[in-house]
1. Taking just the C-alpha trace of the stretch 37-107, give me its Rg and Dmax in Å.
2. I need the peptides 34-41, 97-104, 53-60 ranked by packing, meaning the mean over residues of other C-beta atoms within 10 angstrom, with the highest value on top.
3. Over the stretch 37-107, what relative contact order in percent results from Cα pairs under 8 Å that are six or more residues apart?
4. Give me a comma-separated list of calculated 3J(HN,Hα) values for the stretch 98-108, in order, Karplus coefficients 6.51, -1.76, 1.60 applied at θ = phi - 60°, integers in Hz, x for any Gly or Pro.
5. Non-local amide H neighbours of T95 (under 5 Å, H modeled in plane, Pro and chain starts lacking H): which ones?
Amino acid sequence: MLRVPVMSQPTTAAPEDCPTGAALTRERLREKVLACLADAAEARGMPADLDLTDNSVLLESGLDSLGFAVLVVRLEDTLGYDPFVLMSEPVYPKTFGEFLDIYMRYSTSAR
């Protein structure tokens, strides 16, 4: 059985830090995603590329598929929503920019 270590205290902002009605800017979202990506990589014992641009390929970020699952869970804890649960048809982003776009698109529908 594969076990993923769980950190007792999240190192990223909790949803309360983004009160309802507060606009989540793309830059603020990028900061939160990169912080959660670093946490997910650390939890998996993997190096992560934190110098990602919108054109960076997600598969080259240093995370494997389980690392991305950890990332999405950390983001749900941080942002208060999971866009992959909210979407009616599954979308699989290829680049970091596409990943951010998905989170931006669903940020208003989650509130």
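Every number here is computed from the coordinates shown, using simple stated rules; none is lab data. Values in this document were obtained by computation on a predicted structure and should not be read as measured data. Here the Cβ is made from the backbone with ideal geometry for all residues, glycine too, and neighbour counts use every protein chain on show.
1. 11.7, 33
2. By packing density, highest mean first, the sequence is 34-41, 97-104, 53-60.
3. On the way: 66 pairs, mean separation 24.3, N = 71.
Normalised by residue count, the contact order of the stretch 37-107 is 34 percent.
4. Karplus-based 3J(HN,Hα) across the stretch 98-108 equals 5, 4, 5, 4, 4, 5, 5, 4, 9, 5, 7 Hz.
5. When sequence neighbours closer than 5 places are left aside, the close amide H contacts are L58.
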